[in-house]
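The values are calculated or read from the model by the stated rules, or taken from the named source; none is laboratory data. Remember, predicted model here, so these are calculated numbers, not experimental data. With ideal geometry, Cβ positions are generated from the backbone for all residues, glycine too; neighbour counts draw on all protein chains shown. Ligands, DNA and RNA are excluded from the accessible area calculation, which covers all protein heavy atoms including side chains. Shrake-Rupley method; radii C 1.70, N 1.55, O 1.52, S 1.80 Å.
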Amino acid sequence: MTAPHEGPQEAPIVPPEPGTIADLFREALPDIEFVASQGPVDVMLTIDRKDVLQVLRTAKDDPQLDLKYLRCLLGVDHEEAGLEVVYQLYSFTHGHGVTLKTRLPQDDPRVASAASVWKGADWLERETAEMFGIVFEGHPNPVPLLLPDDMTDHHPLRKDNPLAQVEEWQGSRLGAAAANVGHVPAGYESIAGEGGEPEGPSGESGG
Amino acid sequence: MVTEQERKLETIDINVNVGPQHPATHGVFRMVLTVSGERVVDVVPHIGYMHRGAEKLSENVDYRQGLIYQDRTEYLAQFNAEMCYCMAVERLAGLEPPERAQYIRIILSELNRITSHYMFIGAFATDTGVYGTAFTYAFREREYIQEIFDALTGDRMMYGYFRPGGVVWDVPADFKERVRWVCGQTRVGIDDIDRLLTTNEIFITRCRDIGVISRPDAIDYGLSGPMLRACGLPFDLRRNDPYSIYDRFEFDIPTGTHGDVYDRYLVRMEEMRQSVRIVEQALEQMPDGPIMPEKAPRRLRLPPGEVYMRTENPRGEYGIYLVSKGGEKPYRLKIRSACLSNLTALKQMIVGHYVADAVVILGSVDIVLGEVDR
Amino acid sequence: MAVEEIDRGDTTTTPHPLTSLEREAERLRPVQVERPHAFYRQVLPGIVQAPADYVLALARKSSLWPMTFGLACCAIEMMSAYMSHHDLDRFGIVPWASPRQSDVMIVAGTVTKKMAPSVKLLYEQMPNPKWVIAMGSCATNGGPYTRYDRVVQGVDKLVPVDVYVPGCPPRPEALIDGLICLQDMIMRERRNIG
């Protein structure tokens, strides 16, 4: 059994057996470096961020790969090891899929946009950008997708962004409520007002 | 034909704001239509009004608690979402659910597909103008199946019944009878709604050749599910990329030809009938036995690794990308939402049609805002 | 045949002017009794008199028209409550899309900070008297999503709420119970509402 407070561990890299899609990639792109690993379901290929656009284009256009279906595009925050963008691809004709990953340094999270390759990547990249702060260069419309316009300065899915605290008293008419009860409960004297104005809707205390 | 008089008129394009509170947007969805006369020239969809942070909150709870967020994300096809999550966790943990649990999961997932498609028919028919009739039919039929779920799990909507490894408790003694009865009732219900809508001239006029999307475009946008099958591509994850024990059942994959709204409706109607077939076969083949593996650990601690599991939800491909770095909580849980990818093609489908068709096209995408925004 | 005269002792010497048959008819004739009534009742019979606030409250509670404000999963249970199995129309409750003609706003689902201005705007567009029902735990205090910082922890931070219906989601029977509670509240507090 592992110790209770063990930090995050990385998965061991298991090289894939010959005959998988990793070989097809190596054939189609002989001068790109891949670090191949066999995951539980798919083969995972890690590439450098400068090769991303070339690899994605070839993956889509090459007749042997024919990975025309972009299933998923997401970001992962690995704290000091940087940010990671993951592309999950699938081919209808051949029935094979692959996971492509690329690491970005934490202080310079920029990568080429896949919106020119797949039209569906547009919105997925907008969401990843606003959740992690990754900049996709060449994106036609880099506008936040899910977050409200006035709350786009901090990125929710980064690990250093904490969760909000649960606010104990709903509403704020603590002064009036105290007048009914007769006393202010212990510990709440500092926020007991005169029955003054209500808090705004953005009564946030975390993040 | 533009007459001389019309050519001299100066017109401007107006922006029509549809939503976020609107009876026809199936939730809090906002789209700004730029219309020139009655024709839509541009659509800008705004989403995010239901963004509740299910992915962030899943990182702070352990693997058994994280199941509740899946229910509430896809709140019309809960069992399918739970199944995807449980399969992802099982794949990393190395758990294999026993046979009986697999059959129970398949039966419940397919029944949930039927309820979800009923909801689609009710809401979509309301969009086309059948104000209320099909909606009440659909909800009446849905309630029969929901009563079975209620008796089984204790909740009408947020079941929380699957666990990584199996299901939480065994089905009651009358389960097989009730499900058999409900299969017969569903067949009657589908035929009822069929008679009401499918050959109805007004319905066909409102739906034929509206919102057409071609097959290469559909693949490029990442559409999946009935939207992709209506374009003519017979791709169903249960058949082409099978998971769980779907390879033991015989069922057809309905496809459309035109890629328009009417084909999507027909595909979903036929899918309900195929789901009934699957449920009946599963009921016959279901063995007795345990419902959780014997050595299932009480606290799930997963080894480090990453996996992407996908299921065929009623709306398309629902996927979960799970990153685990050891420990009891996921490091990153990404939900691949079918409705979000289906919505990316909205602009291409709506531009060029009338304003009234915009609502019908949006209804045919069958969005669930909890899944779009997570 | 003659009726026998009963000997009553001291009877009057003169016989009664009416025959017994006529006396019987006299006995059975309906009597007009003078009832003490207000003047208007003599002029307009068939009127019921009740306090004005009672009648207003009765009218308001018997035809509550909710504005359809289904945000998330609770909206599905709200729709179930309107539909065939748990009919709400029999209580006079008809879902109405426009805020200008509705009485009660059933906030069903999570309110996010992006949606909050719309909630406030729609509440202000409703004419008085208006009530708010917070349906589900997300509308009550944020629910399972309360710790995300883009979620408003309860709709009572934006609008005053009259009835809280707990549950995730509450059963349609629970929503009906909440609406009946609201009806009782309207009747109980009829003096306070203008």
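How about region B:60-70: which of its residues are aliphatic (A, V, I, L, M), within 20 Å of the chain's Cα centre (by Cα) and open to solvent by 10 Å² or more (accessible area, probe 1.4 Å)? The one that is aliphatic (A, V, I, L, M), within 20 Å of the chain's Cα centre (by Cα) and open to solvent by 10 Å² or more (accessible area, probe 1.4 Å): B:I68.
Regarding region B:106-116, can at least one residue be identified that is more than 11 Å from every other protein chain (Cβ to nearest Cβ), more than 30 Å from B:P20 (Cβ to Cβ) and in contact with a Gly (Cβ under 8 Å, 6 or more places away or on another chain)? Within region B:106-116 (the criterion being more than 11 Å from every other protein chain (Cβ to nearest Cβ), more than 30 Å from B:P20 (Cβ to Cβ) and in contact with a Gly (Cβ under 8 Å, 6 or more places away or on another chain)), the answer is no, since none of the residues qualifies. Just checking, does region B:92-112 include any residue being closer than 26 Å to C:A116 by Cα and not small (G, A, S)? No, that holds for no residue.
Let's see how each residue does on (1) surrounded by fewer than 23 Cβ atoms within 10 Å (Cβ to Cβ); (2) over 24 Å from B:H51 (Cβ atoms); (3) over 19 Å from the mean Cα position of the chain (by Cα); (4) modelled with pLDDT under 90:
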position: C:M115; (1), (2), (3), (4): no, no, yes, yes
position: C:L121; (1), (2), (3), (4): yes, no, yes, no
position: C:P127; (1), (2), (3), (4): yes, yes, no, no
position: C:A134; (1), (2), (3), (4): no, no, yes, no
position: C:G142; (1), (2), (3), (4): no, no, yes, yes
position: C:V163; (1), (2), (3), (4): yes, yes, no, no
position: C:C168; (1), (2), (3), (4): yes, no, yes, yes
position: C:N192; (1), (2), (3), (4): yes, yes, no, yes
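Considering region B:296-312, the residues that are in a loop (DSSP other than H, G, I, E, B) and within 14 Å of chain A (Cβ to nearest Cβ) include one that is nearest to B:E99 (Cα to Cα), namely B:P297.
Each row is one residue, and each column tells you yes or no for (1) of a type in the set (A, V, I, L, M); (2) surrounded by fewer than 22 Cβ atoms within 10 Å (Cβ to Cβ).
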site: B:D263; (1), (2): no, no
site: B:G326; (1), (2): no, yes
site: B:L333; (1), (2): yes, no
site: B:K347; (1), (2): no, yes
site: B:L362; (1), (2): yes, no
site: B:D366; (1), (2): no, no
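Checked against (1) open to solvent by less than 60 Å² (accessible area, probe 1.4 Å); (2) polar (S, T, N, Q); (3) within 9 Å of another protein chain (Cβ to nearest Cβ), C:S102 passes all but condition (3).
Evaluate the following for C:G109: is it on the phi > 0 side of the Ramachandran plot and open to solvent by less than 70 Å² (accessible area, probe 1.4 Å)? It is true that C:G109 is on the phi > 0 side of the Ramachandran plot and open to solvent by less than 70 Å² (accessible area, probe 1.4 Å). Number of residues in region B:202-231 that are among the small types (G, A, S) and open to solvent by 10 Å² or more (accessible area, probe 1.4 Å): the value is 1. Checking region A:33-49 against the condition returns a match, with at least one residue being crowded, with 18+ Cβ neighbours inside 10 Å, among the acidic types (D, E) and either modelled with pLDDT of 80 or more or not in a strand (DSSP E or B) (or both).
Looking across B:L76, B:L57, one residue alone is under 23 Å from the mean Cα position of the chain (by Cα) and part of a loop (DSSP other than H, G, I, E, B). It is B:L76. The one condition from (1) among the acidic types (D, E); (2) farther than 27 Å from B:R72 by Cα; (3) buried (at least 20 other Cβ atoms within 10 Å of the Cβ) that C:E77 does not meet is (2).
Within region C:162-194, being in contact (Cβ under 8 Å) with a residue 12 or more places away in the chain and under 30 Å from B:S58 (Cα atoms) holds for C:Y164, C:V165, C:P166, C:G167, C:C168, C:P169, C:P170, C:R171, C:P172, C:L175. Of all positions in region A:119-130, none carries a residue that is modelled with pLDDT under 85, under 21 Å from B:M50 (Cα atoms) and open to solvent by less than 40 Å² (accessible area, probe 1.4 Å). Residue count for region B:79-102 satisfying the condition of being assigned to a helix (DSSP H, G or I) and either open to solvent by 10 Å² or more (accessible area, probe 1.4 Å) or within 14 Å of chain A (Cβ to nearest Cβ) (or both): 11. Among the helices (runs of 4 or more DSSP H) confined to region B:313-374, the ones with at least 1 residues that are closer than 21 Å to B:D71 by Cβ are located at B:338-343, B:369-373.
For region B:187-201, which residues satisfy the criterion of being closer than 13 Å to B:V130 by Cβ, touching a helix residue (DSSP H, G or I) at 6+ places or on another chain (Cβ under 8 Å) and open to solvent by 50 Å² or more (accessible area, probe 1.4 Å)? If the condition is that a residue be closer than 13 Å to B:V130 by Cβ, touching a helix residue (DSSP H, G or I) at 6+ places or on another chain (Cβ under 8 Å) and open to solvent by 50 Å² or more (accessible area, probe 1.4 Å), then B:L196 is the only one that fits.
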